[in-house]
Amino acid sequence: MNSTYSLKLYIASNTVNSELAMNTLTEICHDDLNDDCQIEIIDILENFEEAETEKIVAIPTLLLESAYSSQRRLVGNLSDRKQVLQEIKMLQKNAVYN
């Protein structure tokens, strides 16, 4: 089964902000998106090339992708859960109009 959302979270090992972002994203996926998402965690200390390819300049950075819409980015520890959900909803809304 394919997920509606593809979420890539770029982190730097186990820093406090990276841990908070991972936990918040996992909770959002489970609690608010009914697990209808695929989360990929990319540690830039282990996979710098991918971060460079995606032009990641700050961490944590979340790339939100939908099969039917363009990419969106959020930078920070994702502690503002409401903002993260709004961005995901905007991605979904844009997908409907594309």
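The values are calculated or read from the model by the stated rules, or taken from the named source; none is laboratory data. Treat the numbers as computed from the prediction; the structure is a model and nothing was measured. All Cβ positions, glycine included, derive from the backbone under ideal geometry; neighbour counts span all protein chains shown.
Can you say whether VAL96 is in contact with a strand residue (DSSP E or B) (Cβ under 9 Å, 6 or more places away or on another chain), loosely packed, with under 15 Cβ neighbours inside 10 Å, modelled with pLDDT of 90 or more and β-branched (Val, Ile, Thr), as far as the supplied structure shows? Here the answer is no, as VAL96 does not meet what is asked.
The set of residues in the stretch 9-21 being farther than 24 Å from SER70 by Cβ and in a helix (DSSP H, G or I) consists of VAL16, ASN17, SER18, GLU19, LEU20. For the stretch 26-47, the set of residues classified as outside any strand (DSSP E or B), within 14 Å of ILE59 (Cα to Cα) and in contact with a strand residue (DSSP E or B) (Cβ under 6 Å, 6 or more places away or on another chain) consists of ILE44 only.
Of the residues ILE44, ILE39, ILE59, the single one that is more than 18 Å from LYS82 (Cα to Cα), surrounded by 11 or more Cβ atoms within 10 Å (Cβ to Cβ) and touching a Leu at 6+ places or on another chain (Cβ under 6 Å) is ILE39. Sub-8 Å Cβ pairs linking a first residue in the stretch 44-55 that is at negative phi to a second residue that is among the polar types (S, T, N, Q), at least 6 apart or interchain, are LEU45/SER13, ordered by first then second residue. Considering only residues of the stretch 44-61 that are under 17 Å from LEU7 (Cβ atoms) and charged (D, E, K, R), which is farthest from the chain's Cα centre (by Cα)? The selected residue is GLU50.
Candidates in the stretch 65-80 are the residues that are under 13 Å from the mean Cα position of the chain (by Cα) and touching a residue at least 40 places away in the same chain (Cβ under 8 Å); of these, the one that is nearest to SER18 (Cα to Cα) is ASN77. Taking the stretch 28-43 as the range and being modelled with pLDDT of 95 or more and either out of contact with any Lys or Arg (no Cβ under 7 Å at 6 or more places or on another chain) or more than 21 Å from THR4 (Cβ to Cβ) (or both) as the test, the residues that pass are ILE41, ASP43. Of the residues making up the stretch 48-64, those that are under 13 Å from SER18 (Cβ atoms) and part of a strand (DSSP E or B) number 2.
A count restricted to the stretch 1-15 and to residues that are modelled with pLDDT of 95 or more and of a type in the set (A, V, I, L, M) stands at 2.
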